[in-house]
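I have placed the structure first, in the form of structure tokens, so that the comments after it can refer back to it.
We did not get these values from a lab; they are worked out from the coordinates using the rules stated. These figures come from a predicted structure and were not determined experimentally. As a convention, Cβ positions derive from the backbone with ideal geometry for all residues, glycine included, and neighbour counts pool all protein chains shown.
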Amino acid sequence: MLKEPNAGTLEFYRTRHAAETVLTLRLFQSFISADLSYKPHERSASARDIVWTIVKGLIIRNDVAARADAETSLGSASSFDVLIWQFEELSASLSNKLAHMDQKCWEQSAKLHAGEQLLLERPLSEILWLFHFDLIHHRGQLSTYLRPMGLKVPSIYGRSGDESAG
């Protein structure tokens, strides 16, 4: 396993946010002409709901990065075009916030709320990583929807079985 000497630092988070943004956008683009109401099982979330979960996570990361406080109770999914636009805009906004953040801010306490209820109070870095890993989890979940929907799986961390060997 690769050992990253800067793991846990703000600088490492910046690089991972940039990398995962590109990979997630590539996956989203695989769904552009698809029916996002698809669910592999009645108890599963729809593809649209998973995309919305990822976008909500970015809204929360932007809010907590800006104010050290974020509301987790957010509305419902928009059209896919709007969700893609939101993902791109929110990812760029978070990159900007991270570029202007220092290590002291990265280590400060931050809070998550659901209305008046305090859900979590941890260092900002831990909350940002929590939602970063949540994005990766839900992206993986969403990638399993592609083949049953008749779509091709893009490369995420390496070639997929749907890519030619050329």
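May I ask which residue of I50, S30, A77 lies farthest towards the positive end of the charge dipole of the chain, with charges of +1 (Lys, Arg) and -1 (Asp, Glu) on Cβ and the Cα centre as origin?
So the residue we want is S30.
Applying the Karplus parametrisation 6.51 cos²θ - 1.76 cosθ + 1.60 with θ = phi - 60° to the phi angles of region 92-102, what ³J(HN,Hα) value in whole Hz is obtained for each residue in order, glycine and proline being reported as x?
5, 4, 5, 4, 5, 4, 5, 5, 9, 8, 10
Can you run phi through the Karplus equation (6.51, -1.76, 1.60; θ = phi - 60°) for region 56-68 and list ³J(HN,Hα) in whole Hz, with x for Gly and Pro?
Coupling constants for region 56-68: 4, x, 6, 4, 5, 4, 5, 5, 5, 5, 7, 10, 6 Hz.
Check which residues have an amide H placed less than 5 Å from D162's amide H, if you skip close sequence neighbours.
V153
Around H113, which amide H atoms from residues at least 5 apart in sequence, or from another chain, sit under 5 Å from its own amide H, with H modelled in the peptide plane?
Amide H neighbours of H113, under 5 Å, 5+ apart: A70, E71, T72, L119.
Run the dipole for region 51-151 about the Cα centre, Lys and Arg Cβ at +1, Asp and Glu Cβ at -1, nothing else charged, and hand back the magnitude in debye, nearest 20. Display every interim value, and only then the final one.
Values: 9 positive and 12 negative charges, 51 e Å.
For region 51-151, the charge dipole is close to 240 debye.
Is it possible to state the helix-based mean residue ellipticity at 222 nm for the chain, with each DSSP H run of 4+ residues giving -39500 (n - 2.57), the sum divided by total residues, to the nearest 500 deg cm²/dmol? What is it? Could the numbers behind the result be given before it?
On the way: 5 runs with 86 residues, N = 166.
Result for the chain, helices only: -17500 deg cm²/dmol.
For the chain, treating each Cα as an identical point scatterer without solvent, what Debye log10 I(q)/I(0) comes out at q = 0.10, 0.13, 0.21 1/Å?
With no solvent term, the Cα-only Debye profile gives -0.40, -0.67, -1.40.
Where does the longest stretch of the chain lie that holds no GluC sites (Glu not before Pro) found in a DSSP loop with 16 or fewer other Cβ atoms within 10 Å?
Longest site-free region, per DSSP loop and neighbour criteria: 43-115.
Please turn the phi angles of region 113-130 into ³J(HN,Hα) values with the Karplus equation 6.51 cos²θ - 1.76 cosθ + 1.60 (θ = phi - 60°), one per residue in order, whole Hz, x for glycine and proline.
10, 10, x, 7, 7, 6, 8, 7, 10, 8, x, 3, 4, 5, 5, 5, 5, 4
Note down the magnitude of the dipole of region 99-166 about its Cα centre, charges +1 on Lys and Arg C-beta and -1 on Asp and Glu C-beta and zero elsewhere, to the nearest 20 debye. If you can, show how the numbers build up before the last one.
Numbers: 7 positive and 8 negative charges, 60 e Å.
Rounded to the nearest 20 debye, it is 280 debye.
With both partners inside the chain, how many of the DSSP beta bridges are antiparallel, as a percent to the nearest 5?
Given both bridge residues lie in the chain, the antiparallel proportion sits at roughly 65 percent.
Relative contact order of the chain, please, whole-number percent, based on alpha carbon pairs below 8 angstrom and at least 6 residues apart.
Details: 184 pairs, mean separation 47.1, N = 166.
Relative contact order here is 28 percent.
Quote the FRET efficiency, to the nearest 0.05, computed for S95 versus R43 with a Förster distance R0 of 41 Å and r equal to the Cβ-Cβ distance. Could the numbers behind the result be given before it?
Working: r = 35 Å, r/R0 = 0.86.
It comes out at approximately 0.70.
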